[in-house]
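Scroll down for the structure; my scribbles are underneath it.
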Amino acid sequence: MSISIATYRTLSVLALVMLIVTVVFASLGRWAEATIALGVLVAAVIAQAVLLRCPHCGARPGLWLLAFWTLFLSPEWYIADALFLRECPRCERSLSEAKASGV
C-alpha cells in the first residue's frame with residue numbers, strides 16, 4: 001500500500017500533537033486521558049512507519065527512521081526526521097518522484 005508524502009507528514013504532525021497532549025495530561029495527573037493519547041500516538045507512529053514505501057527501491061523509510069531513532073531513544077528527532085522526510089534513507093532518491101517505467 002502506498003500513501004503520499006502529504007499523508008505521511010500529516011501523521012507526523014498528529015504524532016507531535018499527541019506527544020504534547022500526552023505530556024500535558026500526564027502532568028495534570030489525568031492518567032486515563034494520557035494513556036489514550038499515548039495509544040493514539042503509538043498507533044500513528046506505527047501506521048506512519050508501515051504505510052509509506054519508496055517507489056524506487058521498495059524500502060519503508062518510516063520504518064528505517066523509527067528503528068534508528070528508537071535505538072537512540074530520541075522521539076523528538078524521530079518526529080523531526082519524519083516530518084521533513086524527502087529522500088529514502090536506503091537509495092537516497094526522492095520519495096515524491098514516481099519510478100520511471102523501464103528503468
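The values are calculated or read from the model by the stated rules, or taken from the named source; none is laboratory data. Given the structure is predicted, the values throughout are model-derived calculations rather than measurements. Using ideal geometry, Cβ is built from the backbone for each residue, glycine included, and neighbour counts are taken over all protein chains shown. The area values use the complete protein model at the heavy-atom level, side chains included, leaving out ligands, DNA and RNA. Shrake-Rupley method; radii C 1.70, N 1.55, O 1.52, S 1.80 Å.
(1) modelled with pLDDT under 75; (2) open to solvent by 50 Å² or more (accessible area, probe 1.4 Å); (3) closer than 25 Å to SER96 by Cβ: which one isn't true of GLY62, the others all being true?
Just one mismatch for GLY62, condition (2).
Looking only at segment 39-49, which residues are of a type in the set (A, V, I, L, M) and open to solvent by 30 Å² or more (accessible area, probe 1.4 Å)?
Passing the criteria: VAL40, VAL42, ALA43, ILE46, ALA47.
Considering LEU16, LEU52, LEU11, which residue is of a type in the set (A, V, I, L, M), open to solvent by 60 Å² or more (accessible area, probe 1.4 Å) and either over 16 Å from ALA67 (Cα atoms) or touching a Gly at 6+ places or on another chain (Cβ under 9 Å) (or both)?
Only one candidate qualifies: LEU16.
Quick test of your reading of the structure: ALA34 fulfils all but one of (1) closer than 26 Å to SER96 by Cβ; (2) buried (at least 18 other Cβ atoms within 10 Å of the Cβ). Name the failing condition by number.
(1)
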